[in-house]
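The values are calculated or read from the model by the stated rules, or taken from the named source; none is laboratory data. Just so it is clear, the structure is predicted and the values come from calculations on it, not from any experiment. We place every Cβ from the backbone using ideal geometry, glycine too, and count neighbours over all the protein chains shown.
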Amino acid sequence: MSPAFANPKLDVAAVISQLGVGEALVSTLQENGVPMPVERTLICPPRCRMGAITPEERAAVRARSPVGAKYDVRVNRESAHEILTRRTGSADVTRSGQTRADPHSEAGGPLSDLLWGTKRRQGMVETMAKQAARAPSAARSAGRFSAACWAASSVDRAAASTPSPGRQLGSIPGPKGGRMAAQQSKVTLYERLGGVYNIATVVDDLIDRVMVDPRLNANPLVDEAHHKFPPAGFKYLVTEMVCWASGGPQKYTGRSMADSHRDLKITPKEWDAFLDDFKQTLNKFKVPAAEQAEVVEIVQSTYGDIVVGS
């Protein structure tokens, strides 16, 4: 024991072996927090018992409680679930008695607004119906690609002997450049390819193919570019560019071919690998030979801006 807490009137070493039941050596704290000298004292045993209290004891405790008067009265308030259930039931009864309920009626309650919508917001039923209507057309887009190309190209060949190659990609401007005017024809290459949805489908496959081509990624600069930006960005810009170059209404918003490829040091061999990927994609979607030739011609017009030493 620390000398500071020792009691000179108490032989702690002797007393500690003489303590009986309920006795202890205790050092209490003074008002300023300083421990007092140790004393021999009796410890009052806890006043408790094992088991539940009797009803009489419980009543006495509650009677002494300062909040007993407030919480002794049982209150059965309605829950949110009960309120919504009652409102839903009323709305169902109202609709069942009508030929067609007004989906924007305010009597339906929150659940009705969620399902059927309001005058300012569409409901879940309308949203799901629109999504279901869009899904089949999106799924059929890729399947119609070849048919759209064949149908449009056959009309064009019957009307004109010289197809329009569209715009030359090599003239796509940078931030300060100009652009070549579109060559006009009855049916543009953009239309014969099936429009933006079919072009986007082809570009999606092409970019996925190019991103993993080891012949291109052997160039560390190209590999870095492929992994530096998400493929979705490339797909957006290439779709925009092909639509613009083939005579579509879209406008290309990216950098010029020279600016975007200057630091990649692309070689003629890597260019041939890219063209091979491009032709594989066109063949996959059964693009007719005439349209393939026009698209490849447009792409070839960028050779001088992309390939080094050309």
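Things to note:
- Those residues of the stretch 274-310 which are in contact with a Ser or Thr (Cβ under 9 Å, 6 or more places away or on another chain) and among the hydrophobic types (A, V, I, L, M, F, W, C), in sequence order: 285, 287, 290, 295, 298, 306, 307, 308
- Of all residues in the stretch 44-77, those satisfying the criterion of being surrounded by 10 or more Cβ atoms within 10 Å (Cβ to Cβ), in a helix (DSSP H, G or I) and of a type outside the set (Phe, Trp, Tyr) are 57, 58, 59, 60, 61, 62, 63, 68, 69.
- Selected residue (criterion: farthest from residue 25 (Cα to Cα)) from residues of the stretch 44-58 that are modelled with pLDDT of 85 or more and not charged (D, E, K, R): 55
Residues checked against (1) assigned by TED's automatic domain parsing to the domain that holds residue 206; (2) within 14 Å of residue 210 (Cβ to Cβ); (3) under 23 Å from the mean Cα position of the chain (by Cα):
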position: 229; (1), (2), (3): yes, yes, yes
position: 236; (1), (2), (3): yes, no, yes
position: 240; (1), (2), (3): yes, no, no
position: 247; (1), (2), (3): yes, no, no
position: 250; (1), (2), (3): yes, no, no
position: 257; (1), (2), (3): yes, no, no
position: 261; (1), (2), (3): yes, yes, no
position: 266; (1), (2), (3): yes, yes, no
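- Filter result for residue 27 (loosely packed, with under 10 Cβ neighbours inside 10 Å and either touching an Asp or Glu at 6+ places or on another chain (Cβ under 9 Å) or modelled with pLDDT of 85 or more (or both)): no
- Residue 263 falls short of the stated requirement of being modelled with pLDDT of 90 or more, under 18 Å from residue 219 (Cα atoms), surrounded by fewer than 16 Cβ atoms within 10 Å (Cβ to Cβ) and not β-branched (Val, Ile, Thr).
- Filter pass, residue 296 being surrounded by fewer than 17 Cβ atoms within 10 Å (Cβ to Cβ) and assigned by TED's automatic domain parsing to the domain that holds residue 194: yes
- Restricting the stretch 273-310 to residues that are polar (S, T, N, Q) and touching a Gly at 6+ places or on another chain (Cβ under 8 Å), the residue that is nearest to residue 208 (Cα to Cα) is 302.
- Restricting the stretch 237-259 to residues that are surrounded by 16 or more Cβ atoms within 10 Å (Cβ to Cβ) and small (Gly, Ala, Ser) leaves a set whose member that is farthest from residue 302 (Cα to Cα) is 248.
- With respect to being crowded, with 20+ Cβ neighbours inside 10 Å and not charged (D, E, K, R), residue 187 falls outside the description.
- The condition of being of a type in the set (Phe, Trp, Tyr), without any contact (Cβ under 8 Å) to a residue 40 or more places away in the chain and in a helix (DSSP H, G or I) holds for only one of 236, 197, that being 236.
- Subset of the stretch 280-292 that is of a type outside the set (S, T, N, Q) and within 15 Å of residue 242 (Cβ to Cβ) - its residue that is farthest from the chain's Cα centre (by Cα): 291
- Put simply, of 278, 229, 234, 274 the only residue that is surrounded by fewer than 18 Cβ atoms within 10 Å (Cβ to Cβ) and among the aromatic types (Phe, Trp, Tyr) is 229.
- Within the stretch 242-260, being more than 18 Å from residue 222 (Cβ to Cβ) and part of a helix (DSSP H, G or I) holds for 242, 243, 244, 245.
- The condition of being modelled with pLDDT of 90 or more, among the basic types (Lys, Arg) and more than 19 Å from residue 201 (Cβ to Cβ) holds for only one of 286, 269, that being 269.
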